[in-house]
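Taking it in order: structure first as structure tokens, then the write-up.
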Amino acid sequence: MERPVTTDLGNGVYAIDTRMHGYSGITAGYAILGDRPCLVETGTARSAPVVRDALAELGVGPHDLATIVVTHIHLDHAGGVGDLAKMFPNAQVVVHEAGARHLVDPEKLMKSARRVFGSLIDDLFGPLLPTEATRVVALGETGSVDLGGGRRLDSYYSPGHAKHHVGLVDSETGDLYVGDAAGIYVPETADVRPATPPPDFDLDVACASLQRFRELRPTRLLFSHFGPVTAVEETLHRSEEELRLWVELVKDARAQQMDLDHAVAMVRDKTKERYAQYLSDPEVEEKFEHLNSVASNIVGINRWLDQVEGREHPMADAASLQAKRS
């Protein structure tokens with residue numbers, strides 16, 4: 001196994017590259033060190049040993065970690081919770097109340113993920129192990145995580161990407177841990193791409209969450225995918241712009257009765273100039289396509305439009321999306 005990569009972001013905050021699917025620079029966890037050490041995001045179950053070793057290099061031993069917090073329960077963010085809860089037996093696990101039961105009993109979540117990813121789930125993510133209910137702390141509309149020494153993480157409900165999503169603000173630094181609510185940030189090109197997978201995407205709710213983020217006036221955005229961003233207002237604006245653009249493109253695909261393959265081709269063509277730098281690097285495109293595929297985003301938007309328009313467009317189902325991923 002490669003040596004863990006950690007990056008000092010200042011004020012006791014360290015980014016941990018969790019090496020999802022063997023890629024560097026695709027999924028980050030964050031360690032906040034102090035009186036009560038905290039881990040924000042676990043990465044996948046496959047990444048749990050990488051995260052454990054990174055924490056060890058930072059001086060956080062098995063009995064030192066006080067809290068594991070996840071922005072939401074998708075497997076690239078919370079898939080390692082069960083493993084890391086075993087590795088760090090004193091840590092509380094903090095999650096929004098809509099996701100808490102799935103960390104205690106992951107069977108339904110894993111079945112849902114398997115319908116989308118098929119056998120790829122084993123290679124991409126690994127199994128989400130259950131966590132004892134007594135160790136899980138559920139957050140509501142707002143909440144707070146004690147980091148010690150008067151420092152805290154304040155939680156703000158931020159659905160739209162997922163119904164169980166929260167953003168987290170560090171009271172000392174002003175950092176906002178955005179999860180996937182602001183999309184995917186590609187550090188190699190400074191592009192922002194939407195994150196609209198099924199089944200929970202809702203454009204209006206997602207944009208309301210972005211507005212809430214603006215009102216919090218964070219000093220920095222810490223993306224789970226991937227890394228820190230200081231251009232806060234510009235990036236949040238770009239995130240909303242991308243969401244609205246992709247929704248309009250999927251509306252066009254529905255109006256033309258496109259199937260998923262043709263919709264993907266159309267979206268790629270209509271955005272190729274927008275993402276020219278991103279597309280010019282095949283390695284970057286490949287790794288982020290594993291994480292955030294065009295097809296998955298289209299399927300999530302299409303499902304939301306089915307609900308909004310009161311009619312189903314058979315653009316894609318779980319089986320066709322799974323075939324696209326194979």
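Coordinate-derived values only; no laboratory data. Just so you know, these numbers come straight off a predicted model, no measurement behind them. Neighbour counts are summed over all protein chains in view; Cβ atoms, including those assigned to glycine, are modelled from backbone coordinates with ideal geometry.
Rounded to the nearest 0.05, what FRET efficiency do Thr134 and Glu286 have when you use their Cβ-Cβ distance and R0 = 41 Å? Show your work: numbers first, answer last.
Working: r = 42 Å, r/R0 = 1.02.
Efficiency at R0 = 41 Å is approximately 0.45.
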Checklist outcome for this item: In units of 2.2 N^0.38 Å, the Cα radius of gyration of segment 1-88 is 0.94
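With the Cα gyration tensor of segment 97-227 in hand, give its eigenvalues times 5 under a square root as the equivalent ellipsoid semi-axes, listed largest first in whole angstrom.
In descending order the semi-axes read 25, 21, 14 Å.
Give the peptides 129-142, 94-107, 243-256 in descending order of average Cβ contacts within 10 Å, highest first.
On the way: 129-142: 15.2, 94-107: 20.0, 243-256: 17.6.
Result, highest mean Cβ count within 10 Å first: 94-107, 243-256, 129-142.
Taking the radius of gyration and the Kirkwood hydrodynamic radius from Cα positions alone, what is the Rg/Rh ratio for segment 243-325, to two decimal places?
Numbers: Rg = 12.8 Å, Rh = 13.2 Å.
Over the Cα atoms of segment 243-325, Rg/Rh equals 0.97.
What's the exposure ranking of His237, His290, His72, going from fewest to most Cβ atoms within 10 Å?
Working: His237 14, His290 17, His72 25.
Final ranking by Cβ density, sparse to dense: His237, His290, His72.
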Checklist outcome for this item: Helix 282-291 sits off the longest principal axis of the Cα atoms of the chain, rounded to the nearest 10 on a 0 to 90 degree scale, by 80 degrees
Item to check | Proximal charge balance of His72 [Cβ under 13 Å; K/R count +1, D/E count -1] | outcome: -4
Checklist entry - Quick one: Cα centre-to-centre distance for segment 48-75 and segment 223-252, in angstrom? => result 28 Å
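Taking the Cβ of each residue in Asp122, Asp200 as the centre, tally the other Cβ atoms inside 10 Å and list the residues starting with the fewest. Please list the in-between numbers first.
Numbers: Asp122 13, Asp200 21.
Ordered by Cβ neighbours within 10 Å, fewest first: Asp122, Asp200.
Which peptide among 301-307, 75-81, 110-116 comes first, and what is the full order, when sorted by highest mean count of other Cβ atoms within 10 Å?
Details: 301-307: 20.6, 75-81: 29.1, 110-116: 15.7.
The most tightly packed comes first, giving 75-81, 301-307, 110-116.
What does the charge add up to near Asp83, with Lys and Arg as +1, Asp and Glu as -1, over the other residues with Cβ less than 10 Å from its Cβ?
+3
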Checklist entry - Taking the Cα atoms only, what angle lies between the long axis of helix 232-255 and the longest principal axis of the chain, rounded to 10 degrees? => result 30 degrees
Item to check | Residues of segment 153-170 with amide N under 18 Å of the 7 Å Cα→Cβ point at Gln307 | outcome: 157-166
Item to check | Footprinting exposure proxy for Ser296, Ser239, Ser24 (fewest neighbouring C-beta atoms within 10 Å first) | outcome: Ser24, Ser296, Ser239
Checklist entry - When you take every Cα atom in segment 179-326, what is the radius of gyration, and what is Dmax, the widest Cα pair distance, in Å? => result 15.1, 44
Next on the checklist: How large is log10 of I(q)/I(0) for segment 95-155 at q = 0.16, 0.24 Å⁻¹ when the intensity is taken from the Debye formula with one equal scatterer per alpha-carbon?
Outcome noted: -0.66, -0.96
Checklist entry - Spin-label point model (7 Å from Cα, Cβ direction): what's the Asp204 to Glu241 distance in nm? => result 2.5 nm
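Which whole-number value in Å³ per residue fits the convex hull of the alpha carbons of segment 151-224?
Numbers: hull volume 6.2 nm³, N = 74.
Normalising the Cα hull of segment 151-224 by residue number yields 84 Å³.
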Next on the checklist: I want to verify a result. In a Gaussian network model of the chain, Cα cutoff 10 Å, which of these has the top mean-square fluctuation: Ala265, Ala66, Ala182?
Outcome noted: Ala265
Checklist outcome for this item: Expressed as a percent, the portion of alpha-carbon pairs in segment 1-158 spaced more than 27 Å apart is 17 percent
Checklist entry - In deg cm²/dmol, rounded to 500, what helix-only [θ] at 222 nm does the chain give when every DSSP H run of at least 4 residues adds -39500 (n - 2.57) and the total is split over its residues? => result -12000 deg cm²/dmol
Checklist outcome for this item: Taking only the alpha-carbon positions of the chain as identical scatterers, the Debye log10 I(q)/I(0) at q = 0.08, 0.11 Å⁻¹ comes out as -0.33, -0.64
Item to check | Ala231-Leu279 pseudo-label distance in nm [points 7 Å out on the Cα-to-Cβ vector] | outcome: 2.0 nm
Checklist entry - Does anyone have the angle between helix 260-271 and the longest principal axis of the chain? Alpha-carbon axes, 0 to 90°, nearest 10? => result 80 degrees
